[in-house]
Each structure stands twice: as C-alpha cells, then as structure tokens.
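Data first, discussion second: the structure below is written as structure tokens.
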Amino acid sequence: MSSAPGPFTGAHLVEYVRLLPALTARFDLASLVTPFPLERHTDALAAVADGSVMKAVLTS
C-alpha cells in the first residue's frame with residue numbers, strides 16, 4: 001500500500017489560492033525567494049543544493 005499523495009488537481013489549486021492571503025499575512029514569502037539572472041543558473045542551483053537559499057528564481 002502506497003502512502004504517496006495523488007496527483008495535483010484543480011481542487012488543490014483552488015485550496016492554495018484560498019489559503020494564500022493567510023500565508024502571506026503569516027510569512028514574508030518574498031524573503032524566501034532569491035532572484036538570479038539566467039546566466040547565473042549554475043550559481044542558483046549550487047545555492048539551493050548547499051542550502052544558502054530557500055528558493056532560487058531565474059530572471060531574464
């Protein structure tokens with residue numbers, strides 16, 4: 001018997017959107033994101049791998 005979650009569905013998206021205001025009020029979500037220019041993609045991957053950033057976002 002597998003305990004893995006099922007596929008992400010439209011119902012999940014609706015629930016996420018419903019909860020987003022409470023999440024943004026509770027957490028500074030912008031502080032979890034670190035932008036990297038696209039040409040520094042290897043730096044972004046390394047930063048995520050070593051745990052120095054929570055979420056790397058590539059920008060153009």
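Quick notes on this one:
- If you go through the range 7-40 and pick out every residue that is farther than 15 Å from T59 by Cα and not in a helix (DSSP H, G or I), you end up with 5.
- Residues of the range 19-40 classified as surrounded by fewer than 10 Cβ atoms within 10 Å (Cβ to Cβ), at pLDDT below 95 and not polar (S, T, N, Q), total: 6
- Of the residues examined, A4 is not one that is among the aliphatic types (A, V, I, L, M) and not in a loop (DSSP other than H, G, I, E, B).
- For the range 41-58, residues that are in contact (Cβ under 8 Å) with a residue 12 or more places away in the chain and either loosely packed, with under 10 Cβ neighbours inside 10 Å or in a helix (DSSP H, G or I) (or both) total 3.
The values are calculated or read from the model by the stated rules, or taken from the named source; none is laboratory data. All of these numbers come straight from a predicted model, not from anything done at the bench. Here Cβ is always computed from backbone atoms with ideal geometry, including for glycine, and neighbour counts include all displayed protein chains.
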